[in-house]
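Student: One structure follows; several queries about it will come next.
We did not get these values from a lab; they are worked out from the coordinates using the rules stated. The model shown is predicted, which means the values in this text are computed figures rather than measured ones. Here the Cβ positions follow ideal geometry from the backbone for every residue, glycine too, while neighbour counts run over all protein chains shown.
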Amino acid sequence: MTRPKFAYRDGDTFVHGVDARAKLTALVVVSLGLTWASAGVTAAVGVVTYLVARSAGVSARELLRDVRLVLVILVVGTVARAVSDPAGLVPGAVAGTVASARFVVIIALAYTVSATTRPGDIRLAVESFLEPLPSVEETDWGTMFATAARFFPLVFEESRRVRDARKARLGERRSWYSRVRSTAFTLLIRTFRRADTVALAVEARAYSSERSSLRGLVWERTDTAFILVACSVAVVAVVV
């Protein structure tokens, strides 16, 4: 059976054991640092990201397979940047390639975080971040993020089912516009139906965001070191 995209997978690797708060913070910090990163730094961070993903059990092959649509969009964007850049074709292509590479690295980091972090831990992490803020219902926000983390892989799974159904009905013979339109509308309808089903199930079980959790987040020294490494990477990306 095909593994849902961006879904959590059990494991006992080092990345699995890092606190969810540390992983989310590191993701944000490194992503911000990559915004100003040069081509060389982006490539270096990409190599480190690949090693981290491999250590967490995420292969480059499945990552590329799961985000291939995003890669196609980035390639189109790079070509458009190269053609429209006032500085010329080559400078535009270089700038577009570097920008696309940054997005690829950020997507790989997000993929690794989602594959190694339980949705329940994401909820606890969000609640911990928002708890000091006044007039903010941190439990509601935590529940929202946890639900999104669980629902996001299901959207990809629904998309795969829609494509398989279209192929079974010889839908591939239709024009690309008809295929995209039918897939988009069908996926939208199926997604809303599943969301309604989840909402009804939540109401039937008298779910409340105030519920307690069997799991708790425990901050370790390794989590502090993880944050320091992420901050160092971000500083290098900005300075170099």
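Student: Want the number for Val240 to Ala204: 0.36 nm per residue separation, take away the alpha-carbon distance, what's left?
Tutor: Full extension of this stretch gives 7.5 nm more.
Student: I've got another one for you. How much length is gained if the chain between Arg215 and Ala39 is pulled fully straight, taking 0.36 nm per residue apart and subtracting their Cα-Cα distance, in nm to one decimal?
Tutor: Here the segment from Arg215 to Ala39 would lengthen by 59.3 nm.
Student: Any idea what the relative contact order of the chain is, in percent, if you count C-alpha pairs under 8 Å spaced at least 6 apart?
Tutor: 36
Student: So how far apart, in nm, are the two label points at Phe151 and Leu32 if each is 7 Å from Cα heading toward Cβ?
Tutor: For Phe151 paired with Leu32, the spin-label model returns 2.8 nm.
Student: Taking trypsin sites (Lys or Arg not before Pro) as exposed when DSSP calls them loop (any state but H, G, I, E, B) and at most 15 other Cβ atoms lie within 10 Å, what is the longest stretch of the chain free of them, the sites themselves excluded?
Tutor: The longest uninterrupted stretch comes out as 10-168.
Student: Right, next: If I take R0 = 25 Å and measure r between the Cβ atoms of Arg65 and Thr197 in this structure, what FRET efficiency does the formula 1/(1 + (r/R0)^6) give, to the nearest 0.05?
Tutor: For R0 = 25 Å, the calculated efficiency reads 0.35.
Student: For Kirkwood radius over Cα pairs in Å, the listed values are [x] 18.6; [y] 20.3; [z] 20.8; which was obtained by calculation from the structure presented?
Tutor: [y]
Student: Taking the simple approach of a point 7 Å from Cα along Cα-to-Cβ for both Asp12 and Ala225, what is their distance in nm?
Tutor: 2.0
Student: Follow-up. By counting other Cβ atoms within 10 Å of each Cβ, how are Val30, Val240 ranked from fewest to most?
Tutor: Numbers: Val30 23, Val240 11.
With the fewest neighbours first, Val30, Val240 line up as Val240, Val30.
Student: Would you mind getting me the FRET efficiency between Ala99 and Arg54? Use the beta-carbon distance for r and R0 = 30 Å, nearest 0.05.
Tutor: 0.75
Student: How many percent of all Cα-Cα pairs in the stretch 96-157 sit more than 17 Å apart?
Tutor: Across the stretch 96-157, Cα pairs with separations above 17 Å total 53 percent.
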